[in-house]
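**Student:** The structure under discussion is supplied below as structure tokens; questions concerning it will follow.
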Amino acid sequence: MTHHTHRRQFLQTTAALGTGFWVAGLSRAEESRSPNDKLNIGIIGVGGRGASNTGGVASENIAALCDVDARRLDAAAEKFPQAKTYVDWRKLVEQKDLDAVVVSSTDHTHAPASVWAMNRGLSVYCEKPVAHSVYEARVVQDKYNANKGKLATQMGTQIHATDNYRRVVELVQGGAIGTVREAHVWCNRVGPTPARPTDEPPCPPELNWDLWLGPAPYRPYHSRYLPGCMTWEQHWDWGNGCLGDMGSHLIDLPFWALGLRDPIRVEAEGDPRSDESYPNWLVARWEHPAIGDRAAVTLKWYDGVKRPPSPPGHDLEKWGIGVLFIGDKGQLLADYGRRVLLPEDQYKDYQSPEQTIPPSAGHYQEWINGAKTGSPTLCNFDYSGKLIENNMLGVVAFRVNQKLDWDATSLKARNCPEADAFIQREYRQGWVLDG
């Protein structure tokens with residue numbers, strides 16, 4: 001039996017039975033747990049979202065840390081002095097005592113780090129989006145499904161665990177607004193559309209630029225890329241702008257509520273159109289077919305200054321983000337914390353359906369529990385990989401400037417061979433997705 005099989009069986013047993021073992025310094029909630037029933041977790045990317053995600057799993061044993069920035073790595077090592085440190089995540093996933101990893105690096109390294117970890121029997125929590133391309137998203141799904149029941153996965157769509165999203169899903173699935181055939185999603189984020197810098201300043205000694213680039217095409221270092229995700233993610237080499245980022249959170253709600261999977265047609269427009277970076281605004285449209293009792297659904301995304309038409313009495317310009325479900329009996333307007341049934345007069349005496357989706361143990365705790373006991377995670381890589389695949393198809397349609405007739409089985413746009421280059425991006429020499 002492998003180390004990971006032994007560890008998984010041990011963690012399942014101790015999580016189920018408890019130990020009655022006391023260790024000084026533990027909280028009351030932890031007093032009945034042996035130190036050995038904690039997951040040994042490796043952290044890939046320790047700054048920014050990585051610091052937040054590390055905090056979310058800090059109840060476990062942080063056994064390894066990795067970052068391409070020595071300053072961030074040293075700061076994290078001060079907090080977790082017992083952890084081994086790495087600059088290259090490909091070395092971290094080889095650490096034999098690990099049970100799981102948290103991937104919080106840049107978007108273009110999410111999929112390879114996650115796939116390499118799953119290949120080594122490690123449970124994976126990955127910051128959104130779990131992939132940088134349609135092909136990567138499919139490989140992540142397939143790799144998880146091949147290991148289903150052996151490891152736990154979760155994409156960092158923390159809002160999925162909140163009460164409001166659950167109640168919206170119950171309203172839609174309970175028929176509160178009738179049959180839904182349209183859903184509109186928007187985000188008012190306006191990112192820069194940067195040109196590539198022409199000067200080549202020296203790279204600071206604490207940053208390993210080659211490892212930061214990873215599988216992406218080689219580009220000379222420039223400080224303008226790195227202040228935060230709102231800079232590097234605007235470049236196609238490393239991100240997919242607002243749709244790639246915020247679409248993970250916002251499209252999650254209609255995807256969940258309507259049980260969406262593979263679209264059959266996708267189109268997008270935006271301005272400006274550039275081979276370098278994401279536009280100031282983008283509008284994408286997906287056609288999802290009828291499946292079982294669910295009607296065909298048109299899903300539409302708007303960002304920057306674009307919005308769907310406002311329903312009577314509600315100015316969507318005042319909703320910076322949101323989702324509008326349109327049913328044949330009414331409408332449902334929601335964001336992270338609000339939900340409104342429309343028209344309000346029609347629903348003033350409406351009794352919400354019985355709650356069928358139980359409260360979450362917490363987005364991180366759900367994954368931790370899954371890694372220890374095999375309990376389900378709602379944002380596992382089958383669900384979240386399919387969500388990101390959908391979103392990345394919107395990017396592909398924009399970049400080729402053509403409506404795609406999509407064949408999900410073959411990962412091909414039947415009418416657009418030019419899309420192939422964007423569906424599966426070429427990796428830089430020395431890097432592989434499935435390692």
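The values are calculated or read from the model by the stated rules, or taken from the named source; none is laboratory data. Everything quoted here is computed from the prediction, not taken from an experiment. Here Cβ is always computed from backbone atoms with ideal geometry, including for glycine, and neighbour counts include all displayed protein chains. When the accessible area is computed, the model is the full protein with side chains, heavy atoms only, and any ligands, DNA or RNA have been set aside. Shrake-Rupley method; radii C 1.70, N 1.55, O 1.52, S 1.80 Å.
**Student:** Which whole-angstrom value gives the distance between the alpha carbon centres of the range 218-232 and the range 255-285?
**Tutor:** Their Cα centres are 24 Å away from one another.
**Student:** Along the charge dipole of the chain, which of 226, 209, 178 sits closest to the positive end, that is, farthest toward it, with unit charges on the beta carbon of Lys, Arg, Asp and Glu (+1, +1, -1, -1)?
**Tutor:** Projecting each Cα onto the dipole axis, the largest value belongs to 178.
**Student:** If you don't mind, another one. Considering only Cα-Cα distances, which of the following residue pairs are longer than 24 Å: 128/386; 318/386; 128/372?
**Tutor:** Long pairs (Cα-Cα over 24 Å): 318/386.
**Student:** May I ask you to derive the FRET efficiency for residue 328 and residue 403 from their Cβ-Cβ distance with R0 = 25 Å, giving the value to the nearest 0.05?
**Tutor:** 0.45
**Student:** Please give the contour-minus-distance gain from residue 424 to residue 150: 0.36 nm per residue of separation, less the Cα-Cα distance, rounded to one decimal in nm.
**Tutor:** 95.9 nm
**Student:** Give me the distance in nm between label points sitting 7 Å out from Cα along the Cα-to-Cβ direction at residue 52 and residue 338, one decimal.
**Tutor:** 2.1
**Student:** Under unit Cβ charges (Lys, Arg +1; Asp, Glu -1), what dipole magnitude, rounded to 20 debye, does the range 68-174 have relative to its Cα centre? Write out the running numbers ahead of the final one.
**Tutor:** Numbers: 15 positive and 13 negative charges, 43 e Å.
Using Cβ point charges on Lys, Arg, Asp and Glu, the range 68-174 gives about 200 debye.
**Student:** May I pose another question? What are the GluC sites (Glu not before Pro) within the range 91-190 that DSSP puts in a loop, where the Cβ has at most 16 other Cβ atoms within 10 Å?
**Tutor:** Taking the range 91-190 and a limit of 16 other Cβ atoms within 10 Å, the loop GluC sites (Glu not before Pro) found are 94.
**Student:** Give the range of the longest stretch in the chain that excludes all trypsin sites (Lys or Arg not before Pro) found in loop regions by DSSP and having at most 10 other beta-carbon atoms within 10 Å. Write out the running numbers ahead of the final one.
**Tutor:** Working: sites that count: 96, 348.
Longest stretch, sites excluded: 97-347.
**Student:** First compute the accessible area of the range 288-435 with a 1.4 Å probe, then give the percent of it belonging to carbon and sulfur atoms.
**Tutor:** Whole-percent figure for carbon plus sulfur exposure: 49.
**Student:** Give me D for the range 268-375 in µm² s⁻¹, whole number, from Stokes-Einstein with Rh from the Kirkwood sum over alpha-carbon pairs, 25 °C and 0.890 mPa s.
**Tutor:** Here the translational diffusion coefficient equals 139 µm²/s.
**Student:** Keeping every protein chain present and rolling a 1.4 Å probe, give me the accessible area per residue for the range 235-344 in Å².
**Tutor:** 37
**Student:** Within 10 Å, at most 12 other Cβ atoms, and a DSSP state outside H, G, I, E, B define an exposed site. Report the longest part of the chain free of exposed chymotrypsin sites (Phe, Trp or Tyr not before Pro).
**Tutor:** Formally, the longest exposed-site-free interval is 23-217.
**Student:** Got a sec? Charge dipole of the chain, +1 on Cβ for Lys and Arg, -1 for Asp and Glu; which of 50, 298, 401 is way out at the positive end?
**Tutor:** The residue sitting farthest along the positive end of the dipole is 50.
**Student:** Using every Cα-Cα pair within the chain, state what percent have a distance larger than 27 Å.
**Tutor:** 54
**Student:** Near residue 258, within a Cβ-to-Cβ distance under 12 Å, what is the net charge of the other residues, with Lys and Arg +1 and Asp and Glu -1?
**Tutor:** Charge balance in the 12 Å sphere: 0.
**Student:** Taking the chain as a Gaussian network, Cα atoms linked when under 10 Å apart, which of 293, 407, 328 shows the biggest mean-square fluctuation?
**Tutor:** 293
**Student:** Which is farthest toward the positive dipole end of the range 231-329 among 259, 277, 242, measuring Cα position about the Cα centre, with Cβ charges +1 (Lys, Arg) and -1 (Asp, Glu)?
**Tutor:** 259
**Student:** Modelling each spin label as a point 7 Å along the Cα-to-Cβ direction, I'd like the residue 318/residue 88 distance in nm, to one decimal.
**Tutor:** About 5.6 nm, to one decimal.
**Student:** With only Lys, Arg, Asp and Glu charged, each at its Cβ (+1 for the first two, -1 for the last two), find how big the charge dipole of the chain is about the Cα centre; round to the nearest 20 debye.
**Tutor:** 640
**Student:** What is the Cα centroid distance between the range 384-435 and the range 44-104, reported in whole angstrom?
**Tutor:** The range 384-435 and the range 44-104 have Cα centres spaced 31 Å from each other.
**Student:** Here is a further query. Excluding residue 156 itself, what net charge comes from residues whose Cβ is under 13 Å from its Cβ, given Lys and Arg +1 and Asp and Glu -1?
**Tutor:** So the surrounding residues net to -3.
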